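Just below is one structure, and these are the notes that go with it.
The values are calculated or read from the model by the stated rules, or taken from the named source; none is laboratory data. Everything numeric here is computed off the predicted structure, so don't read it as measured data. When we count neighbours, we look across all protein chains shown, and the Cβ atoms used for this are built from the backbone with ideal geometry, even at glycine. Note: areas computed on protein heavy atoms with side chains; ligands, DNA, RNA excluded. Shrake-Rupley method; radii C 1.70, N 1.55, O 1.52, S 1.80 Å.
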Amino acid sequence: MAAASSSDSDACGAESNEANSKWLDAHYDPMANIHTFSACLALADLHGDGEYKLVVGDLGPGGQQPRLKVLKGPLVMTESPLPALPAAAATFLMEQHEPRTPALALASGPCVYVYKNLRPYFKFSLPQLPPNPLEQDLWNQAKEMSLPSVPVFLEVSGQFDVEFRLAAACRNGNIYILRRDSKNPKYCIELTAQPVGLIWVHKVLVVGSTQDSLHGFTHKGKKLWTVQMPAAILTMNLLEQHSRGLQAVMAALANGEVRIYRDKALLNIIHTPDAVTSLCFGRYGREDNTLIMTTRGGGLIIKILKRTAVFVEGGSEVGPPPAQAMKLNVPRKTRLYVDQTLREREAGTAMHRAFQTDLYLLRLRAARTYLQALESSLSPVSATAREPLKLHAVVQGLGPTFKLTLHLQNTSTTRPVLGLLVCFLYNEALYSLPRAFFKVPLLVPGLNYPLETFVESLSNKGISDIIKVLVLREGQSAPLLSAHVNMPGNEGLVAA
């Protein structure tokens, strides 16, 4: 009975997860023996019958025996060997007349093979053959574009005849953005780690890095946001739902998750039994929104997006956040609060005018004090660029003898300062200095010069006063700098 109850609860939990999921599990074959990555997957109506097929450039187990496979539903329809490992697959239209059936281009080794009706049609050996005369202008412009490093990811947005941008992620860890008429990169994005994926989503360039993070950049290279992932990113691709006008980024992680993001907002998380190494979303068979995934162990996963599914920010959680349902501990309104509110309503204009008047008076007093400090050189930092000086005073000792150290610095970058004097103004009935006036040596730019003197306290009542320190220029009556030193009390008398 206990075993039966456990199995019933597991079945109910699986049904509940299936009901809450946005995806229908169409097919899962852990032994499909498909080893590829996202660039080698393509969906196309190869026969013009409305039935979309899946084209796979299969690397083979261990990178041996590469093959071109075409799948219809969960089954392999055709399979043919390849002379070298595939690098990318894409479909395009060659003919202008109806029915316009797409052709398949497959990059394998140094060649690009073109298949029509799943049969070899062209073979382009890139280094040897000259470009097609109809595409001569395109190749000439592409030849003029140069990059400082070898590109590993390419993404294009826009139209060639109007305006387009080319983003190239290179092996030096930088991303270069080129425009239609630019021979050299117009913008450069310097990453702190190597890129693992590159996708244009509307006007945002989404980059995945080896630091387990997604970054969003503008087309001018300005960083917009960063999202940290819980595991390493294995592959990325674009999810485009035409019926709802949605474009999002799919990122497959090493922990068996496939995360879907719109900008930095998490829309959905898909858990898979094995780490996903390739992703492809689009029309497959007669279903418009189909997600095809291959795993690290060679498995094949096919999921169909429900027609009623709506992606909302915050993953699979629908509705308001849980914090919204928490009640705030708002205190009760007191009589004083009510009276103060009524007073502010009745005298709001007068209170605002009084506040503005006090603010203007405060600014006026601050400006007058600052002007007085500049005119009398009361500031410890010189206000003129001709005499870039800074003064700092330190008092040490318990009394009755104190050590007064002046730190004088020339803040200029190139010009030394010569011909300065230091003068002390103090109450001679309270203090005695061995030198109340002395010359300052040459001040080299950037160095801090400590000038030391001793101050003797003459009062036996513990009275303290201010000693004014003036820095003068020979032949000028106005001081360049000044500082007021608050002398401490004579604590030696207390000890005695």
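Stick to the Cα atoms of the chain, pair each with every other, and give me the Kirkwood hydrodynamic radius in Å at one decimal. Please report the intermediate quantities before stating the final value.
On the way: mean 1/r = 0.0323 Å⁻¹.
Radius from the Kirkwood sum: 30.9 Å.
Taking each pair of distinct Cα atoms in segment 191-255 once, what is the resulting Kirkwood hydrodynamic radius in Å?
Numbers: mean 1/r = 0.0820 Å⁻¹.
Hydrodynamic radius (Kirkwood, Cα only) of segment 191-255 equals 12.2 Å.
Treating the angle as unsigned and between 0 and 90°, give the value, to the nearest 10°, between the Cα long axis of helix 335-346 and the longest Cα principal axis of the chain.
Once rounded, one gets 90 degrees.
Once you put a point 7 Å from the Cα of Val330 and another 7 Å from the Cα of Leu425, both along the Cβ direction, what distance in nm separates them?
My value for the distance between the label points is 6.1 nm.
Leaving out ligands, DNA and RNA but keeping every protein chain, what accessible area does Lys468 have, in Å² rounded to the nearest 10, with a 1.4 Å probe?
Around 90 Å² of this residue is reachable by solvent.
Under a straight-distance cross-link criterion of Cα-Cα below 25 Å, which lysines are reachable from Lys264, leaving out those fewer than 8 residues away in the same chain?
Straight-line reach from Lys264, under 25 Å: Lys22, Lys203, Lys220, Lys222, Lys223, Lys303, Lys306.
In segment 387-496, how does Rg compare with the Kirkwood Rh, expressed as the Rg/Rh ratio over alpha carbon atoms? Walk me through the numbers before you get to the answer.
On the way: Rg = 15.2 Å, Rh = 14.8 Å.
Here Rg/Rh amounts to 1.03.
In percent, what relative contact order does the chain have, based on Cα pairs under 8 Å that are 6 or more apart in sequence?
Here the relative contact order equals 9 percent.
Could you do me a favour and compute the accessible area per residue for the chain, 1.4 Å probe, result in Å²?
Values: 29490 Å² over 496 residues.
Heavy-atom SASA per residue in the chain reads 59 Å².
Can you give the log10 of the normalised intensity I(q)/I(0) at q = 0.11, 0.15, 0.16, 0.21 Å⁻¹, computed with Debye over equal Cα scatterers of segment 187-339?
Evaluating at q = 0.11, 0.15, 0.16, 0.21 Å⁻¹ gives log10 I(q)/I(0) of -0.51, -0.82, -0.92, -1.40.
I need the per residue convex hull volume for segment 141-260, using only the alpha carbons, in cubic angstrom as a whole number. Show your work: numbers first, answer last.
Working: hull volume 12.4 nm³, N = 120.
Normalising the Cα hull of segment 141-260 by residue number yields 104 Å³.
Which of the chymotrypsin sites (Phe, Trp or Tyr not before Pro) found in segment 145-186 are in a DSSP loop and have at most 16 neighbouring Cβ atoms, other than their own, within 10 Å? Display every interim value, and only then the final one.
Details: sites: Phe153, Phe160, Phe164, Tyr176; in loops: Phe160.
Passing both the DSSP loop test and the Cβ count: Phe160.
Please work out how much accessible surface Arg283 shows to a 1.4 Å probe, ignoring ligands, DNA and RNA, in Å² rounded to 10.
70 Å²
For segment 232-306, what does the equivalent ellipsoid look like in terms of its semi-axes, each the square root of 5 times an eigenvalue of the Cα gyration tensor, given largest first in whole Å? Show your work: numbers first, answer last.
Numbers: eigenvalues 74, 50, 15 Å².
Result for segment 232-306: semi-axes of 19, 16, 9 Å.
Using 0.36 nm per residue, how much length does the chain from Thr218 to Thr413 gain when fully extended, once their Cα-Cα distance is taken away? Numbers along the way, then the final one.
Details: separation 195, 0.36 × 195 = 70.20 nm, distance 3.90 nm.
Taking 0.36 nm per residue and subtracting the Cα distance, the gain is 66.3 nm.
Tell me which lysines have Cα within less than 18 Å of Lys439's Cα, excluding those fewer than 8 residues away on the same chain?
Within reach: Lys390, Lys468.
So, taking all protein chains as they sit and a 1.4 Å probe, how much accessible area belongs to Ile304, in Å² rounded to tens?
About 40 Å², ignoring ligands and nucleic acids.
So for His484, His35, what's the accessible-area order with a 1.4 Å probe, most first?
Working: His484 100, His35 45 Å².
Per-residue accessible area, sorted high to low, gives His484, His35.
In debye to the nearest 20, how big a dipole does the chain give about its Cα centre with +1 on each Lys and Arg Cβ and -1 on each Asp and Glu Cβ? It would help to have the intermediate numbers written out before the result.
Values: 49 positive and 42 negative charges, 294 e Å.
Dipole about the Cα centre, nearest 20: 1420 debye.
Between exposed GluC sites (Glu not before Pro) in the chain, where DSSP calls loop and at most 10 other Cβ atoms lie within 10 Å, what's the longest gap? Present the calculation step by step, with values, prior to reporting the outcome.
On the way: sites that count: Glu428, Glu474.
The longest uninterrupted stretch comes out as 1-427.
Going through segment 389-445, which trypsin sites (Lys or Arg not before Pro) have at most 13 other Cβ atoms within 10 Å and a DSSP loop state?
Arg435
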